[in-house]
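Following: one structure in C-alpha cells, then a few remarks.
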Amino acid sequence: MCGIIGYIGHREATDVLIDGLKRLEYRGYDSAGIAVLNGRGIEMERAEGKLAALQAKIKKSKPHGKIGIGHTRWATHGVPSERNAHPHRVGDVVVVHNGIIENHAELRKQLIKKGCQFRSETDTEIFCHLIHSELKKTDDVGKSIQKALEKVRGSYSLVVLYGKEPGKLYLAKLGSPLVVGLGKKENLVASDIPALLSYTRNVVPLEDGELALLTKNSFKILNGNGKSLSKRVNHITWTPLMAEKGGFKHFMLKEIYEQPRVVEETLMGRIQPDSGRLILEGVNKLFGKKGFPFKQIAIIACGTSWHAGLVGKYWIEKLARVPVSVNLASEFRYADPMIGRDTLVIPISQSGETADTLAATHLAKSKKAKVLAICNVLGSSLARTSDATLYTHAGPEIGVASTKAFVAQLTVLYLITLELAKRQGKLSKEALITQLTEIRKIPQHLTKLLKSAAHIKEIAESLVNASHFLFIARGPHFPVALEGALKLKEISYVHAEGFAAGELKHGPIALIDEGVPVVALVPKNETYEKILSNIEEVKARGAHVIAIGDATDRDLSEKVDDFIAIPKTDYLLTPLLYAVPLQLFAYYIADHKGTDVDQPRNLAKSVTVE
Ligand code: AGP
C-alpha cells in the first residue's frame, strides 16, 4: 500500500523524507515523491519506479527546507507514472494520501464543472481541489480540510502542507493508518512505525475521524466535531536496527531466524509452567473470571493469517470442544454470517490494517459479537476496533511474505486453546502444566530446526527448475501445507498448491507425473499410516517426494527422495515447527531464482484497500 511520511523540525526535511520512504518500501509501491516548503515556496520532486529514481532527481536539485511531506504510491486509480505520483498540488495546497475515494468520479465531474483543471488521473488530486476551493472562502486551513472531507466517501490517511502556513502540517485519518512521531523540537507523521524509529520511539496512532495539527514543538488532535483530545503516547521498543536486515540478505530470512525469539517474547509474561498459570491480558474482561460465555467461535482472516486460523480450529475443537468456523474475511464481510451475542469473533491480522479483515470485524460488532483480536501492531486499526487484543510480539515484519508473524499467531492461538480448555474443564492442572512445559521448549526446537537450513537449501536448489509443486498433509498440518504453498508461490512466482492428502485421489493426483515435486508433512500421529500410503501413491506415479517428519523416523526417510527432520515435541505443537522448513524451502528457491524476495511483484505487505 502507499507509504506516507511528513516532517517538521530542525533537520533538512528532504533527508528525513527519503530516509522515511526507504523504511516504507516494503509496503509495495510504483512511484514516489516529496514536497518541501522553504522561504521561496514549495519545491516538489516526483518519479515513477523505485526510490532510486527519485533520489537521482533530488541529486540534481535538492529541495531545501525544514518541513515537508513524502509518499510512495501503490496505484489504485491512475497508472503508475510521475504525473500520478504524490504529492499532488493545487496552488499552495499540497497533499499526500493513502486510501481510496469511493465517490471520486462524481466529485471529479463536479469540480471540472466548476472549472478545476486536473493534471492527474488520481483520486487524491480531488482533495487538493476541494481544499483549495474551500480556502477561497476562508483562511482557516483546518476548517477547509474538514469541509472537504465531508464531501468525500472512502478511506484516507492524509497529510496536507499549505504554502502560506510554513510551520504546520495538517493530518486526517479514516480507515487507513497514520501515526504521529513525537521528537525533540521536531515531529513526524507516517503510515507505519518503522519510518519514525530513527527519530523517535514515542508514537500516537490517529483514530478514524480524527484530525491533527503538527508543528515542530506541538501536536493537537481533534475529533470530528473539532474537540481537542488527549491521547496516550505509546513507547515503541522496536529500534531502527530491528527494522534493518541485521546482516541477513533479505528481511524475510532475518525474520525466519527471529522465530525462536519471537515465540519466546510472545510467551513472555503469559505462562508459568511450574504453577500451571496462564495469563492472557484482556481475556477475563471478555470471558469473565471462569467458564466460557460463548457458544461458538468465528475466526476471520486473510492469507497466511487465515492459515493460522485453520490450525487454531483443529486445536480449539480438539482440546476445548468449542465449535470454530474459520472464515476468509473477504467472503465473510459480504455474507450474512450466523453470529451474534453468542459468538466470540477472533480476527487475526499481522498488520491490523487489512481492509477485508477490518470490514469483517466491523460487521461482527454490528451483530453484537464480542471481538478478541490477534494482532502484531500496537495501536493498529484492528486493535482499536476490537474489545480486546492479544498481541503477537513478532516485532516489525518487513518482508511481504509473512513468516515470524505466522508462528507467533500460532503461539497465541495455542495459548487461547489452553485457556478455553481449562475454562471448559477439559484440561486438568497437571495436563496444563505439561502443555506449558512443552510449549516453552518450542524456541529451542526452532533453533535446532534452523540448523538444518543448509540441508533444506540443498534440496530447494535441486528443484529450482520444477514448474509446479504440491504440498500434502492431514489434520492440523494441512493448513501448514497450504501455508507452504503460499510462501513458495508468492515469492518465487512458481505455481504451488496445498492439498489435504486424503483429497489426492479426488482429482489432484492427475497432476502427478515423472519428477513432480510433492512436499509431504508426516508427523507420527493417528493419520501417519494414511499419509504413508499417499506417499506410495504419488511415488508410484513418478513424483519426487520431499518428506518432513519426526527426526527418529528412519522408515520414512528411507521411503522418500529427500527428508527433513523435525525435533520431537508434543504432536499438537508440531504445526509450529513444520512451518519453518517450508519457509526456508520457499526462500531458497526464490533467492536462487533472483526474485524480489522482500517485495514480490504485485504484492503489498498490508492490503489496506479492497
Ligand atoms: C502472507 O505471506 C501474505 N503476505 C498475505 O497473505 C497476508 O498474510 C495477508 O494479506 C493478511 O495480512 P494481515 O495478517 O496483515 O492481515
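Any read-out appearing in this document is the output of simple, stated calculations on the displayed coordinates, not a laboratory observation. None of the values given here were measured: they were computed from a predicted structure. Quick reminder, even Gly has a Cβ in these numbers, built from the backbone with ideal geometry, and neighbours come from all protein chains shown.
Rounded to the nearest 500, what is the 222 nm mean residue ellipticity of the chain from helices alone, with -39500 (n - 2.57) per DSSP H run of 4+ residues and division by all residues? Mind dumping the intermediate values first?
On the way: 20 runs with 210 residues, N = 610.
Rounded to the nearest 500, it is -10500 deg cm²/dmol.
As a test of the definition: which semi-axes, in Å, follow for the chain when you take the square root of five times each eigenvalue of its alpha carbon gyration tensor? Largest first, please.
Working: eigenvalues 407, 150, 94 Å².
Result for the chain: semi-axes of 45, 27, 22 Å.
Which of Val189, Leu267, His235 sits closest to the plus end of the dipole of region 168-283, meaning its Cα is farthest towards the positive end, when Lys and Arg get +1 and Asp and Glu get -1 on the C-beta?
After comparing all options, I get Val189.
At R0 = 56 Å, how high is the FRET efficiency between Ala454 and Glu121 if r is their beta carbon distance? Nearest 0.05 is fine. If you can, show how the numbers build up before the last one.
Values: r = 50 Å, r/R0 = 0.88.
For Ala454 and Glu121, the calculated efficiency is 0.70.
State which entries of Lys313/Lys367; Lys448/Lys559; Lys249/Lys593; Lys313/Lys539; Lys370/Lys429; Lys489/Lys605 exceed 20 angstrom in Cα-Cα distance in the structure shown. Please report the intermediate quantities before stating the final value.
Working: Lys313/Lys367 22 Å; Lys448/Lys559 24 Å; Lys249/Lys593 14 Å; Lys313/Lys539 31 Å; Lys370/Lys429 28 Å; Lys489/Lys605 15 Å.
Those over the limit are Lys313/Lys367; Lys448/Lys559; Lys313/Lys539; Lys370/Lys429.
Grab the beta carbon distance between Tyr528 and Ala431, set R0 = 25 Å, and tell me the FRET efficiency rounded to 0.05. Can you show the working numbers first?
Working: r = 23 Å, r/R0 = 0.92.
So the FRET efficiency works out to roughly 0.60.
Each label point is 7 Å from the Cα along the Cα-to-Cβ direction; what then is the distance between the points at Gln110 and Thr552, in nm?
Using points 7 Å along Cα→Cβ, the separation is 7.2 nm.
What full-extension length gain, to one decimal in nm, is calculated for Asn202 and Asp139 as 0.36 nm per residue of separation minus the Cα-Cα distance?
Values: separation 63, 0.36 × 63 = 22.68 nm, distance 3.21 nm.
Using 0.36 nm per residue and subtracting the Cα-Cα distance, I get 19.5 nm.
Need the full-extension length gain, Lys249 to Lys505, defined as separation in residues times 0.36 nm minus the C-alpha distance. One decimal, nm.
Values: separation 256, 0.36 × 256 = 92.16 nm, distance 4.06 nm.
Gain on extension, Lys249 to Lys505, equals 88.1 nm.
If the label point is 7 Å along Cα→Cβ of Arg341, which residues in region 288-320 have backbone nitrogen under 20 Å from it?
Within reach of a label on Arg341, which here means backbone N under 20 Å from a point 7 Å along Cα→Cβ, region 288-320 contributes 288-298.
In terms of modelled amide H atoms, which long-range or inter-chain residues lie less than 5 Å from the amide H of Ile564?
Ala547, Ile548, Gly549
Distance from a point 7 Å along Cα→Cβ of Gln272 to each backbone N in region 420-442: keep the residues under 16 Å and list them by number.
Counting backbone N atoms under 16 Å from the label point, the list is 429-430, 432-434, 436-437.
Between Gln424 and Lys220, what is the label-point separation in nm under the 7 Å Cα-to-beta-carbon projection?
5.4
Apply 1/(1 + (r/R0)^6) to the Cβ-Cβ distance of Arg261 and Asn38, taking R0 = 41 Å, and write down the FRET efficiency to the nearest 0.05. Each step should come with its number before you reach the end.
Values: r = 44 Å, r/R0 = 1.08.
So the FRET efficiency works out to roughly 0.40.
What is the dipole size for region 1-160, taken about its Cα centre, with +1 at each Lys and Arg Cβ and -1 at each Asp and Glu Cβ, in debye to the nearest 20?
On the way: 26 positive and 19 negative charges, 48 e Å.
Approximately 240 debye in magnitude.
Scanning the chain for helices, which whole DSSP H stretches are 20 Å or more long along the axis (Cα) and average -0.5 or more by Kyte-Doolittle?
On the way: long enough: 404-423 (29 Å, 0.91); 478-492 (21 Å, 0.59); 574-593 (30 Å, 0.51).
The qualifying helices are 404-423, 478-492, 574-593.
Taking the Cβ of each residue in Asp15, Asp192, Asp591 as the centre, tally the other Cβ atoms inside 10 Å and list the residues starting with the fewest. Before the final figure, lay out each step's value.
On the way: Asp15 13, Asp192 27, Asp591 20.
Ordered from fewest to most neighbouring Cβ atoms within 10 Å, Asp15, Asp192, Asp591 come out as Asp15, Asp591, Asp192.
Quote the relative contact order of the chain in percent (integer), defining contacts as alpha-carbon pairs under 8 Å separated by 6+ residues. Don't skip to the end; give the middle numbers.
On the way: 1349 pairs, mean separation 72.1, N = 610.
So the answer I get is 12 percent.
If the cut-off is 25 Å between C-alpha atoms, which lysines fall inside it for Lys137, apart from same-chain ones fewer than 8 positions away?
Lys137 reaches Lys109, Lys113, Lys114, Lys147, Lys151, Lys164, Lys168, Lys173, Lys220, Lys227.
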